[in-house]
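Asker: Here it is: the structure, laid out below.
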Amino acid sequence: MQGIECKELRKAYGEVKALDGVSFVAEPGEILALLGPNGSGKTTTVRILTTLSTPDSGSARVAGRDVVRDAPRVRRAIGLTAQETILDSFLTGGEYLDIVARLRHIPRARRKEEIAELLTEFELDEIAKSPIGGYSGGMRRRLDVATSLIGKPRVLFLDEPSTGLDPHSRERMWDAIRRRAHEGATVLLTTQYMEEADALARSVVVLTQGQIIERGTPDALKDNIGSSVVELTLADPDQRSLAITSLAESGEPSPPGEKPDVLSFVLVKSSPSLLTILQRLSTDGIEVTDVMVSRPTLDEAFLYLTRKLEETPESQPAGIR
Amino acid sequence: MSMLGRLRQPTADVITLMQRLLIRYRRRPDVIIFILIQPFILLLLFRYVIGGAIHIQGVNYVDYLTPAVVVLAIINASSALGGGLAEDLTSGAVDRMRVLPITRSGFLTSRVLYDTARNLFVIPLMWLLGLAVGFHFDGTLGNIVLGSLLVLALGVAFAWISILIGLWSGSLEATQALAILIFVLAGFVSSGFVPVATMPSWLQGIANSSPVTHVDNALRILTTSASGPLTHEVLAALAWIAAIVLVTIPLAVRRYSRYTR
């Protein structure tokens, strides 16, 4: 297996379980998106797969090599754009690319050619001779991603690559990423945005609190995540838990709570209809004073899913499996 | 692959990493000046404020003092190394380096070599500052070169100690606090500023065996009219430096390899 393969990765920092049994596979030519909110374990996963950290248990292979036992070989095959990379601000962009290219042991002739191509691809030609210290956030990001592509790594890790980019630069960055996958590289990118995952990835893995709560193609995911968000206002806030039980029995996801008298949840494809739910509540003697249905954006739906899991860490999220 | 063949790539990597750091000097030569400020002020204080009260039989105090300040300048400069490393580690700046196919020891070595290259400028400048405040040089050019090389070697030892502290403490502030402690203790509990014989006897044992004392003494024999067992002092200093380097390098490389945030 030449791409990425990880099995049951676990990693804890003290009491906090950063990763709690994460397994997935990405093949050469595939772009896999790790989607999740802050603190969901995306960066920890990337750090383990790029040999910057070691798992407490579980195993991972990158480019066919074990990331713990064979770390030096893994490093030869990978490129990484980390979440926050402070570049040497006194170097020029061109010097920085050259130094990293030399440390990747690329022969001199190919080095020049490759750097020139990257500078053009990421629209850095004009600033290649100025010190990085004077770059804007977006320029730094572009240089950073360009740097991780030097030497045509077989496996690419991009941790939130589009942070701080304007829409034009983001499109160009997406093109660059697609091109690498087309050339046969395995790409793992992390993102907080469903839109980015949708635009790039063949498969999406949704992480929350170190666990995978969903996986599939972006289209399947969109279908699953469903069409609407329902907010029910209860006449009696004391009946809230009763209502939750009632909905759980009909296979509903447990709703996240903010106000005591409001229940909100996502209706997914497999959910019973709204009418069935209301009838069920009525049968159980729960009075609903207001019903609000809204169409969420993909990102909102995704937020609901992840919030719900955080509310009820023990229960299996019935509605989304 | 032959031993030499296996070393070729890591050596090339260290040179590349050094070049990266040396570009900084080409753009910001003033960093060397900042390193000189602290020891220079110390030199002035001991020369003009405190020195008047210190009388050492048969020696002008400025001649006694200057070699010690040269040594102190290098200890001070080298002690700063670990703080920068700790900062780079916590900010994630070295992640880029850590995922490259280069040896872990190469990265640390390049930083020590960079420090040493900088000290090549710092040492002659410190001697010049000493001359400016009245140091009377008594020796050959060969003497001062030999003495300066010994100081340079001591700087390497302190640089590795500093790196180890930086890796263990993991923060800029903690490393700086510890580095200052070492700088003060190592610099002053020695023959650097007053003769060891004037200290309480329990302290004399420590001061006499300190590597800093051996380097100070050797430097005085080489560059002033002072006399003493030069070979003994040089060999004792080199033994110390070798011991420090042999202990700190493996520990530092091990710690750096396993460093995880």
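Asker: Could you give the size of the charge dipole of chain A about its Cα centre, using +1 on the Cβ of each K and R and -1 on the Cβ of each D and E, expressed in debye and rounded to the nearest 20?
Answerer: 1820
Asker: How high is the FRET efficiency from A:SER23 to B:ILE32, r the C-beta distance, R0 51 Å, rounded to 0.05?
Answerer: So the FRET efficiency works out to roughly 0.45.
Asker: In nm, to one decimal, how far is the modelled label at A:ALA220 from the one at A:TYR193, with both set 7 Å along Cα→Cβ?
Answerer: Distance between the two pseudo-spin positions: 2.6 nm.
Asker: Report, to the nearest 10°, how far helix A:108-121 tilts away from the longest principal axis of the Cα atoms in chain A, using its own Cα long axis and a range of 0 to 90°.
Answerer: 40
Asker: On to the next question. Would you be so kind as to identify which of A:GLY93, A:THR233, B:TRP127 lies farthest towards the positive end of the dipole of the protein assembly as shown, taking Lys and Arg as +1 and Asp and Glu as -1 on Cβ and the Cα centre as origin?
Answerer: B:TRP127
Asker: Work out the FRET efficiency for A:GLU183 and A:HIS105 from their Cβ-Cβ distance, taking R0 = 22 Å, and round it to the nearest 0.05.
Answerer: 0.65
Asker: Just to be sure I understand the model, the point goes 7 Å from the Cα along the line to the Cβ. What's the resulting B:ALA12 to B:SER209 distance in nm?
Answerer: Inter-label distance under the simple model: 4.7 nm.
Asker: List the trypsin sites (Lys or Arg not before Pro) within segment A:117-184 that DSSP assigns to loop and that have no more than 10 neighbouring Cβ atoms inside 10 Å.
Answerer: The qualifying sites are A:LYS129.
Asker: Using only Cα atoms and rounding to the nearest 10 degrees, what angle (0 to 90) does helix B:211-223 make with the longest principal axis of chain B?
Answerer: 60
Asker: Also, I was wondering about something else. Average partner chain C-beta neighbours within 10 Å, per residue of A:99-105?
Answerer: Neighbouring Cβ atoms belonging to other protein chains average 6 per residue here.
Asker: Roughly how far apart, in whole Å, are the Cα centres of segment B:98-144 and segment A:1-78?
Answerer: Segment B:98-144 and segment A:1-78 have Cα centres spaced 42 Å from each other.
Asker: How much length is gained if the chain between A:ALA12 and A:VAL68 is pulled fully straight, taking 0.36 nm per residue apart and subtracting their Cα-Cα distance, in nm to one decimal?
Answerer: Separation in residues times 0.36 nm, less the Cα-Cα distance, equals 18.5 nm.
Asker: Which of the listed residues, B:GLY58, B:ALA73, B:ALA243, is farthest toward the dipole's positive end in the protein assembly as shown, when Lys, Arg count +1 and Asp, Glu count -1 at the beta-carbon?
Answerer: B:GLY58
Asker: When you look at the Cβ of every residue in B:19-27, what mean number of other chain Cβ atoms sits within 10 Å?
Answerer: That average works out to 4.
Asker: Next question. Would you work out the charge dipole size for segment B:68-120 about its Cα centre, treating the Cβ of every Lys and Arg as +1 and the Cβ of every Asp and Glu as -1, and quote it to the nearest 20 debye?
Answerer: 140
Asker: Please identify every one of the GluC sites (Glu not before Pro) in segment A:145-197 that sits in a loop by DSSP and has no more than 14 other beta carbons within 10 Å of its own beta carbon.
Answerer: The qualifying sites are A:GLU183.
Asker: Residue by residue through segment A:66-71, what is 3J(HN,Hα) from phi via Karplus (6.51 cos²θ - 1.76 cosθ + 1.60, θ = phi - 60°)? Round to whole Hz and write x for glycine and proline.
Answerer: 5, 6, 8, 6, 10, 3
Asker: How do B:MET126, A:MET139, A:MET292, A:MET173 line up, fewest other C-beta atoms within 10 Å first?
Answerer: Final ranking by Cβ density, sparse to dense: A:MET292, A:MET139, A:MET173, B:MET126.
Asker: When the dipole is taken about the Cα centre of segment A:20-131, and only Lys, Arg (+1) and Asp, Glu (-1) are charged at their Cβ, what size is it in debye, to the nearest 20?
Answerer: Magnitude of the dipole: close to 600 debye.
Asker: Separate question: Kindly count the pairs of lysines across segment A:4-222 whose alpha carbons are less than 24 Å apart, treating pairs on different chains or eight or more residues apart as eligible.
Answerer: Taking segment A:4-222 as the scope, the lysine pair count is 9.
Asker: If you don't mind, another one. Determine, for each peptide in B:247-257, B:31-41, B:77-87, the mean count of other beta carbons within 10 angstrom over its residues, then list the peptides with the highest first.
Answerer: Answer by packing, highest mean first, reads B:77-87, B:247-257, B:31-41.
Asker: Further question: Only bridges whose two residues both fall in the protein assembly as shown count here: according to DSSP, what percent of them are antiparallel, nearest 5?
Answerer: 65
Asker: Could you give the C-alpha radius of gyration of segment B:3-258 expressed as a fraction of 2.2 N^0.38 Å, taking N as the number of residues it contains?
Answerer: 1.04
Asker: Round to the nearest 0.05 the FRET efficiency obtained for A:ALA116 and B:ARG258 when R0 = 41 Å and r is the Cβ-Cβ distance.
Answerer: Approximately 0.60, to the nearest 0.05.
Asker: Hey, another quick one. How many nm separate the modelled label positions at A:ARG76 and A:GLU287, each set 7 Å beyond the Cα in the direction of the Cβ?
Answerer: Output for this residue pair reads 7.5 nm.
Every number in this text was worked out from the coordinates using simple rules, so none of it is lab data. From a predicted model like this one, the values you see are computed outputs, not experimental measurements. Here the Cβ is made from the backbone with ideal geometry for all residues, glycine too, and neighbour counts use every protein chain on show.
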